[in-house]
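Report on the structure given below.
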Amino acid sequence: MKKIAYNVPENTEMKFPFSHAAEMNGVVYLSGQPSMDLATGNFIDGDFNSQFEQCFSNLDDVLHAAGLTRDDVIKCTVFLIDMKDFTVMNELYASKFEKPYPARSCFAVSGLPLGAKVEVEMVAQRK
């Protein structure tokens, strides 16, 4: 079984020692995405809503690079700096998927890279 790695933009030299996604046996594991510009690796600051939207924009780009869409997502993990953002996150998250929703975990963490307020990772399955 061969592991396949995906980076966005394609063939980008990563600043950090990881791939945006890795696939094994038809399961694609997407690395957690904070609100950063994937082309430059620069953090995009903003309020919680704009950071959450950027996380999903990045994840959509990585899914696309792997030939997948959100319909292929089977599990998400959301990391929050402040659980006070849980209600807003839940509303935004619900708008990102159709029912039945993917499985999901949500954790409060003491910190995220680059001062991010939220980070989201996904697991997707090829059909």
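The values are calculated or read from the model by the stated rules, or taken from the named source; none is laboratory data. On a predicted model such as this, the values are computed, not experimentally measured, just so you know. So basically every Cβ, Gly included, is an ideal-geometry build from the backbone, and we count neighbours across all protein chains shown. Just so you know, the surface numbers come from the protein's heavy atoms only, side chains and all, with ligands and any DNA or RNA stripped out. Shrake-Rupley method; radii C 1.70, N 1.55, O 1.52, S 1.80 Å.
For the pair N49/K127, report the inter-label distance in nm, with labels modelled 7 Å from Cα in the Cβ direction.
3.2
Relative contact order for the chain using alpha-carbon pairs under 8 Å, separation at least 6, rounded to a whole percent?
Working: 223 pairs, mean separation 40.3, N = 127.
About 32 percent, as a whole number.
Subtracting the Cα-Cα distance from 0.36 nm times the residue separation, let me have the gained length for F97 to L114 in nm, one decimal.
The span from F97 to L114 would gain 3.4 nm if fully extended.
Convex hull over the alpha-carbon atoms of the chain: what's its volume per residue in Å³?
Here the figure is 104 Å³ per residue.
Of all GluC sites (Glu not before Pro) in the stretch 10-80, which ones are in loop regions per DSSP and have a Cβ with at most 15 other Cβ atoms within 10 Å?
Filter output for the stretch 10-80: E10, E13.
Taking the stretch 61-115, which chymotrypsin sites (Phe, Trp or Tyr not before Pro) meet the DSSP loop condition and have no more than 15 other C-beta atoms within 10 Å?
On the way: sites: F79, F86, Y93, F97, F107; in loops: F97.
Listed in order of number, the matching sites are F97.
Pop a pseudo-label 7 angstrom from the Cα along the beta-carbon direction at both K75 and A5 and give the gap in nm to one decimal.
For K75 paired with A5, the spin-label model returns 2.2 nm.
What does the accessible area per residue of the chain come to in Å², with a 1.4 Å probe and no ligands, DNA or RNA counted? Please list the in-between numbers first.
Numbers: 7060 Å² over 127 residues.
Ligands and nucleic acids excluded, the result is 56 Å² per residue.
Can you compute the helix-only [θ] at 222 nm over the chain? Use -39500 (n - 2.57) per DSSP H run of at least 4 residues, normalise by all residues, nearest 500 deg cm²/dmol.
On the way: 2 runs with 27 residues, N = 127.
Per the formula, -7000 deg cm²/dmol.
Among L63, L30, L112, whose mean-square fluctuation peaks in a Gaussian network model of the chain (Cα, cutoff 10 Å)?
L112
Which of these, V78, V62, V88, has the largest mean-square fluctuation under a Gaussian network model of the chain (Cα springs below 10 Å)?
Judging by the Gaussian network model, the answer is V88.
In the stretch 69-121, which GluC sites (Glu not before Pro) fall in coil by DSSP and have 10 or fewer other Cβ atoms within 10 Å?
On the way: sites: E91, E98, E119, E121; in loops: E98.
Here the sparse-neighbourhood loop sites are E98.
Using a cut-off of 11 Å between beta-carbons, work out the net charge of the residues near V8 (Lys and Arg +1, Asp and Glu -1, V8 not included).
On the way: positive: none; negative: E10, D37, D60, D61.
Around V8, the surrounding residues sum to -4.
Which residue, chosen from S110, G46, G26, occupies the Cα position most advanced towards the positive end of the dipole of the stretch 1-110, where the dipole is computed from +1 (Lys, Arg) and -1 (Asp, Glu) charges on Cβ about the Cα centre?
G26
When the accessible area of the stretch 18-127 is computed with all protein chains present and a 1.4 Å probe, what percentage of it is carbon and sulfur? The partial results should precede the final answer.
Details: 2870 of 5400 Å².
C and S fraction of accessible area: 53 percent.
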